[in-house]
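Following: one structure in structure tokens, then a few remarks.
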Amino acid sequence: MGAERNGDSLMSLLRSVRVVLVASSLLALPLAAAEMTRQAAEAQALKDVAGGKILSIEREVENGRDVWSLDVRTADGKHVMEVQYLASTGAFVAKKEETPKEQAREKAAEASPASPVSGAVARFTVGGDGGWDYLVVDAPSRRLFVSRSTHVMVVDADSGKVVGNIPETEGVHGIALAPELKRGFTSNGRSSTVSIFDLETLAVISRVKTTGDNPDAILFEPFTKRVFTFNGRGKNTTAIDAASGAVAGTIALGGKPEFAASDGKGRVFVNIEDTNEIVVLDPAKLTAEARWPLAPCEEPTGMALDVKKQRLFVGCGNRLLMVVNVKDGHIVAKLPIGDGNDAVALDVEKGLVLASNGEGTLTIVKETAPDVYGIIQTVATQKSARTLALDPKTHHVFLPAAKFGAPPAATVENPRPRPSMVPGSFEILVVGTP
């Protein structure tokens, strides 16, 4: 009996040791890491360079990795350390001291903004009152349609001369063109209407009331010959027969729509800004067929579609460009872009993806191998040049911008006042691509 008790005690002890070892192993397993934020990168850099001062922080792709790269001056002021962390997990990548030559080169680059890839082709001084939103190129007629708050300016795409005007477009956001029907359409946010105009004479034919408030983006869908408005406050889309102007129906979107694209074969994709999703629509049945999450993208804005390669490119408010497979919605790749993105375009012939950022940059991306994308250039543009239109004939990029004064004093009614535009400063930058 004593031997049995001793044996039982030994087995009990071994089981206890095994439990402790297993528990220790489980505690040692890494937790699923969240994407590193800018603030977290700064905090970690100040731990790794104790007492230092951050000189710069940039999210970039280096050696095929998406990293936060920070320059930190040491506490004694004698050295500058570059530290890098993986943006996807926050894992440490590298830490090295920058040489005086490297520091001088970076200072020179900061003092002298980068010039466009192929140079600034032109700068159209357009002037006029009102803000702006989307613009669109009608390449065959060489006309550029620019939304200007209460009207749409029509500009010669080659000379920059204002050649026409479409009035009474209250709070206009977007313009859609249907050349085969010789018609154009504007989404008038403040009046929740669509103006239908003759594409040749620019005369307004009729106005249609949308089924949701504040129509923002607008799209002519060639498969159904319908126009879709994406209604911000209405959180839905209104389908309008492009030929007759009759409302065909409404699709609830479950969130605030931003921009949309059609594959021309019976599917429409729309960004949902406040839920960070893409909703896939059937424009014929007027139904929502799927919802695809875009994490880690926040506040998706611009969108472009490569129909041949079945890839969507989505600009995000948190400085990311997402590449999405439109067969099943999975994320193929993500790349860092500038702050304040509001538009994305695809140059099919050159294989370029272009993202315009309000901070004053144009990010140019190219696929270097199947589903491998890299930034080939970040072009300095102008602060406020947040949206763009691509001319498929010349491959030029049109970027509206303006100068702004200091913002007025904050009030209780308007705690975050916007700066006012300097009168007459509105212009369109024309930038070449590589």
**Message:** If you take log10 I(q)/I(0) by the Debye sum over Cα atoms at q = 0.08, 0.13 Å⁻¹ from the coordinates, which of (1) -0.52, -1.19; (2) -0.44, -1.16; (3) -0.66, -1.19 do you get?
**Reply:** (1)
**Request:** Measure off, as a whole percent, the carbon and sulfur share of the 1.4 Å-probe accessible area of the chain, all protein chains present.
**Result:** 55 percent
**Prompt:** Can you list residues whose amide H is under 5 Å from G249's amide H, if they're 5+ apart or on another chain and H is modeled 1.01 Å from N?
**Reply:** A239
**Request:** Per residue of region 230-239, in order, report the coupling 6.51 cos²θ - 1.76 cosθ + 1.60 (Karplus, θ = phi - 60°) as ³J(HN,Hα) in whole Hz, putting x for Gly and Pro.
**Result:** 10, 8, x, 6, x, 6, 8, 10, 9, 9
**Request:** Using the Karplus curve 6.51 cos²θ - 1.76 cosθ + 1.60 with θ = phi - 60°, work out ³J(HN,Hα) for each residue of region 405-418 in order, rounded to whole Hz, and write x for Gly and Pro.
**Result:** x, 5, x, x, 5, 5, 10, 4, 6, 9, x, 10, x, 8
**Request:** At q = 0.12 Å⁻¹, work out log10 I(q)/I(0) for region 238-378 with the Debye formula, treating every Cα as an identical point scatterer and leaving solvent out; two decimals please.
**Result:** -0.47
**Message:** Using a Gaussian network model on the chain with a 10 Å cutoff between Cα atoms, which of S192, S420, S384 fluctuates the most?
**Reply:** S420
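When the gyration tensor of region 388-428 is built from Cα positions, what are the square roots of 5 times its three eigenvalues, in whole Å, from largest to smallest?
Values: eigenvalues 216, 27, 5 Å².
The answer is 33, 12, 5 Å, longest axis first.
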**Message:** I need the phi-derived Karplus couplings for region 168-184: 6.51 cos²θ - 1.76 cosθ + 1.60, θ = phi - 60°, integer Hz, Gly and Pro marked x.
**Reply:** 6, 10, 4, x, 4, 10, x, 10, 10, 10, 10, x, 5, 9, 6, 9, x
**Item:** Loop GluC sites (Glu not before Pro), region 331-398, which have at most 12 other Cβ atoms in a 10 Å radius of their Cβ (DSSP)
**Value:** E349
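Counting only C-alpha contacts under 8 Å and six or more residues apart, can you give the relative contact order of region 261-302 as a whole percent? Don't skip to the end; give the middle numbers.
Values: 70 pairs, mean separation 14.4, N = 42.
Taking the mean separation of contacting Cα pairs over the length of region 261-302, I get 34 percent.
Lysine pairs in region 219-312 with alpha-carbon atoms under 19 Å apart, 8 or more places apart or on different chains: how many are there?
Details: K225/K265; K225/K285; K235/K256; K235/K285; K265/K285; K265/K308; K265/K309.
Lysine pair count for region 219-312: 7.
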**Item:** Two-site label geometry, A369 and A246: point separation in nm, points 7 Å out along Cα→Cβ
**Value:** 5.5 nm
**Fill in**
The set of residues whose placed amide H lies less than 5 Å from the amide H of V332, leaving out same-chain residues fewer than 5 positions away, is V323, V324, N325
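Hey, can you rank 236-242, 45-51 by average C-beta count inside 10 Å, highest first?
Working: 236-242: 23.0, 45-51: 14.9.
Order by mean packing, descending: 236-242, 45-51.
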**Prompt:** Which value, in nm² and rounded to one decimal, describes the direction-averaged projected area of the C-alpha convex hull of region 146-206?
**Reply:** 3.9 nm²
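Quick one: accessible area per residue over the chain, 1.4 Å probe, rounded to a whole number of Å²? Before the final figure, lay out the partial values.
Numbers: 20740 Å² over 434 residues.
Accessible area per residue, the chain: 48 Å².
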**Loop sites in region 153-199: trypsin sites (Lys or Arg not before Pro), DSSP, at most 12 other Cβ within 10 Å** = K161, K182
**Request:** Taking the Cα centre of the chain as origin, sum charge times position over the Cβ atoms of Lys and Arg (+1) and Asp and Glu (-1), and report the length of that vector in debye to the nearest 20.
**Result:** 120 debye
**Request:** Check each of the trypsin sites (Lys or Arg not before Pro) in region 64-95 and keep only those in coil by DSSP with at most 15 other C-beta atoms within 10 angstrom; list them in order.
**Result:** K78
**Message:** Of the candidates G131, G405, G160, which one comes out as most mobile in a Gaussian network treatment of the chain with C-alpha springs shorter than 10 Å?
**Reply:** G405
**Item:** Gaussian network model of the chain, Cα within-10 Å springs - most flexible of A389, A304, A380
**Value:** A380
**Item:** Distant-in-sequence amide H partners of S88 (H built 1.01 Å from N, under 5 Å)
**Value:** M36
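The values are calculated or read from the model by the stated rules, or taken from the named source; none is laboratory data. Because the structure is predicted, anything quoted here is derived from the model rather than measured. Ideal geometry is used to build each Cβ from the backbone, glycine not excepted, and the neighbour counts take in all protein chains shown. For accessibility, only protein heavy atoms count, side chains too; no ligands or nucleic acids. Shrake-Rupley method; radii C 1.70, N 1.55, O 1.52, S 1.80 Å.
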